[in-house]
Amino acid sequence: MRQETVSHDVTVVGGGLAGVCAAIAAARLGRTVALVNNRPVLGGNSSSEVRVWVCGATGHGKNHHAREGGIMGELFVENQYRNPHGNPYFWDTTVLDFVRAEPNISLYLNTDVRLVSAADDGIEAVTGWMMGSERLIRFESPVFLDCTGDGLVGHLAGASYRIGREGRDEYGEPWAPEQPDDITLGSTLLFYTRDAGEPVRYVPPSFAKDITKTSIPERRIIKAGDNGCAYWWIEFGGELDTVHDNDRIRDELWSVIYGIWDHIKNSGSFDADTMTLEWVGALPGKREYRRLLGDYVLTQHDVLGQTPFEDRVAFGGWSIDLHPPQGMYATEAGSKHFYADGIYHIPYRSLYSVNVPNLLMAGRNISASHVAFGSTRVMATCATIGQAAGTAAALSVEYGARPRELDVGELQRTLLRQDASIVGLRLDDRDDLCGTAAATASGTLTRLVVDTPAAAWRLDADAGIVLPADPALTEVELLLDATEDTTLTVELHDPVVGQNYVPRELVSTVVLDVAAGEKQWIGLGLAFEPETPRNAFLVVKANPAISLRVADRPAPGVLCFTRVPLRPQDESPQPLCEWTDAGLLRRTFCLRTGETAAFAAAKALDGYQRPYAGPHMWVSDTVPAALELRWPEPVTIGRVEVIADDDVNEDLINLHHHRTPFEVIPSLVRDYRVEALIGGDWRQVGEVSANRRRRNAHSLAEPVTTDGLRIRVESTNGAPSAHLVAVRAYAPEG
């Protein structure tokens, strides 16, 4: 056995997605990082050991323009290319490659932290045992991050925490129980199946449970071909201690999985003769344990009310998703959901310990009530929190400050500069030379025209259309069919909040006469001139005599929906309907609008890095195309950053939940050149071919002094226009 002491600027304990993103964030800012994980692979519950889908703010399509950016966004987009079939082992390698790409990270796998040395002024060190290598390692750092999920480091350091559910009176949360208790969400094991191509006998083990003697067959969905997270409801332990009773919980989950498979194979109720089990999890995926307390506790009110925190550093959007304590044995539905109108904000004050001064936390153990945790717990949200906490740790080391003492404005600017997403906050980057440049383009999309109908969409339910009003929305026309003389009713609504894509305030209504006939362009006669640019939400009221024509392509800045009732199994108390893009994803109702400035060249310099009350990007009228920046006086440039459009409305997933028809996001520019105006001539200073990433940084071989910069886009990955979210330029370092 060896005993070692290692020192780093930052120690991150926990190698799930929160810990991975925290470590990468700190390392990219120049800090040395120890990433300590007690499993042989990274990714936590998303890894091949557990295989939970990486869910997040998109809510499987319930929220729009909501997919996570930053490091989690990079992982999503890269996995989309490397792993279109959703192989869990390829996901493992994608995550590992991202960590190994950072030379400032020292990775310690199979290392279980068991001891924490702490005093009144914080944590001095944590000690872990590296299994298989017989190394007892003491990790020393000025700042520590607890990304363990279970909050173990915080607990051992004496951090204040909660386990279980708060009572309703504590925060006034309608979804909290009347009295506090120690109930948590349970843990889950999953399984995979495959078709062997020949009959396969199944002899259940002695411990397999006869599920026909439980409520499972009546209350849960069982299908022979389902895999993985389709069986998310195999959950147990909510009334136990999900840490100390972990083995008992695992054994119960195993008994039910093998019992379910016995039921599928041997009951005669399923076509499963050639099916076999391919993989069964052995490591329970925990949902909940300790929640470490910070200076602020996020609550149900903040999630549903979308509290616009001044110190916001991350966002979520998954529903408040709570499960019955009895898990798979409950006679009620396996989950109930409460949806906000859109994505919500997470404050920095929930990411550091209220009483351990050098401890940050990221993941499902942040400072949130049990009810709010029902949303923040999903992994893509945990990952964005991880990037925020890792960035805060790096700045704490840089400035010799405790996490509580950080300048939040500096933290937010650093996050945005690293392309993390803080919704509704523009980057005010004092170092970006483009802040004094003027932007023009070879051509810009100035009118929305979608006029290539592929199908008819009968208005059996209300349809919704989101369009940018910048500076106004005028001259809207729809292409439709009518089986008889009838009327068309259209409402124009203001979504009110920039990140929301729902109709909230009625602005005006029109009722139009429509004659019988096909492919008619109908002018709506609606106009919307808000005080500041924002989206408009058109509600086209149901009328089965009318069908809207649909094109099989998306249009920038446009979203299309249909209105459906909330599903009964959601057991939501909301008496609302939801707007879904089911059947309309990557499709657009045929329409025409008047002129818009929503895609002007200047949008690439406005500081917004994702849609918020509008698309916030330059969109060309055709390809090839060029975006040109000019300065009133020459500037010296050492680095140029180009941020492309990775279409955050596209719901990506790490494992085989669904598959998109493309492996690279079509709206990403594919081939482009960076050119500088030198001595009156445009000279190439950078280029990218076959791009599949959102953000590319071009460190120039030699600094250039110029009064002009041009991005020449030669091709995209499928979109008919070039989309650029941002271009930045920086002086040479040093």
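The values are calculated or read from the model by the stated rules, or taken from the named source; none is laboratory data. For clarity, every value in this text was computed on a predicted model and none was experimentally measured. No Cβ is skipped: glycine too gets one built from the backbone with ideal geometry, and neighbour counts run over all protein chains shown. Just so you know, the surface numbers come from the protein's heavy atoms only, side chains and all, with ligands and any DNA or RNA stripped out. Shrake-Rupley method; radii C 1.70, N 1.55, O 1.52, S 1.80 Å.
For segment 1-41, the solvent-accessible area of protein heavy atoms averages 32 Å² per residue (probe radius 1.4 Å; ligands and nucleic acids excluded). Would any residue of segment 123-146 have its amide N under 19 Å from a label point 7 Å out along Cα→Cβ of Ser7? List them or say none. Output list for this probe position: 123-128, 137-145. Across segment 718-728, computed HN-Hα scalar couplings (Karplus, 6.51 cos²θ - 1.76 cosθ + 1.60, θ = phi - 60°) run x, 5, x, 10, 7, 10, 10, 7, 7, 10, 10 Hz from first to last residue, x flagging Gly and Pro.
Straight-line cross-link reach from Lys541 at under 21 Å between alpha-carbon atoms covers these lysines, not counting any fewer than eight positions away in the same chain: Lys62, Lys519. Each of Thr705, Thr11 has its accessible area taken with a 1.4 Å probe; listed largest first, they run Thr705, Thr11.
Database remark: amide H of Val635 closer than 5 angstrom to the amide H of Thr706, Asp707 (H placed geometrically; neighbours at sequence offset of 5 or more, or on other chains; Pro and chain starts carry no H).
3J(HN,Hα) along segment 704-711, derived from phi through the Karplus expression 6.51 cos²θ - 1.76 cosθ + 1.60 where θ = phi - 60°, amounts to 10, 9, 8, 10, x, 9, 9, 10 Hz, with x in place of Gly and Pro.
Considering only Val280, Trp53, Pro666, the residue lying farthest towards the positive end of the dipole of the chain is Val280, judged by Cα position with unit charges set on Cβ. Less than 26 Å apart at the alpha-carbon level, and either on another chain or at least 8 residues along: which lysines does that give for Lys209? Within reach: Lys223, Lys265, Lys286. Once C-alpha pairs closer than 8 Å and six or more residues apart are averaged by separation and normalised to the residue number of segment 668-734, the relative contact order reads 42 percent.
With a 1.4 Å probe and all protein chains left in place, how much accessible area per residue does segment 282-416 have, in Å²?
24
By the combined test of axial Cα extent (at least 20 Å) and Kyte-Doolittle hydropathy (mean at least -1.0), the qualifying DSSP H helices of the chain come to 246-266, 379-399. For segment 409-452, the residues whose amide N sits under 15 Å from a probe point set 7 Å from the Cα of Glu633 along the beta carbon direction are 433-437. Extension gain, Thr489-Glu218: 0.36 nm per intervening residue step, less the Cα-Cα distance, totals 93.2 nm. When each of the peptides 353-366, 423-436, 235-248, 39-52 is scored by how many other beta carbons lie within 10 Å of its residues on average, the order from highest to lowest is 353-366, 39-52, 235-248, 423-436. Here's how it looks for Thr32: its modeled amide H is under 5 Å from those of Asp9, Val10, which are all 5 or more places away or on a different chain.
Surface analysis of segment 586-734 yields an accessible area of 38 Å² per residue, using protein heavy atoms and a 1.4 Å probe.
Rounded to the nearest whole Hz, the Karplus-based 3J(HN,Hα) values (6.51 cos²θ - 1.76 cosθ + 1.60, θ = phi - 60°) of segment 348-360 follow the sequence 4, 4, 8, 10, 10, 5, 6, 9, 10, x, 10, 10, 10, with x at glycine and proline. In the full protein assembly as shown, how much of Glu124 is accessible to a 1.4 Å probe, in Å² to the nearest 10? Answer for Glu124: close to 90 Å² accessible. Roughly how many whole Å is it from the C-alpha centroid of segment 107-142 to that of segment 253-300? When both Cα centres are located, 31 Å separates them. Counting protein heavy atoms only, the chain has 47 percent of its accessible area on carbon and sulfur, 1.4 angstrom probe. In a DSSP loop and with at most 16 other Cβ atoms within 10 Å, the chymotrypsin sites (Phe, Trp or Tyr not before Pro) in segment 661-709 are Phe662. Helical content of the chain, expressed as a calculated mean residue ellipticity at 222 nm, amounts to -4500 deg cm²/dmol (DSSP H runs of 4 or more residues, -39,500 (n - 2.57) each, divided by residue number, nearest 500).
Roughly speaking, what is the centre-to-centre gap between segment 164-230 and segment 344-408 when only Cα atoms are used, to the nearest Å? Cα centroid of segment 164-230 versus Cα centroid of segment 344-408: 30 Å apart.
What number comes out for the charge environment of Ala101, summing +1 per Lys or Arg and -1 per Asp or Glu over other residues with Cβ under 13 Å away?
-1
Think of each Lys and Arg Cβ as +1 and each Asp and Glu Cβ as -1; about the Cα centre, that makes the dipole of the chain roughly 1100 debye.
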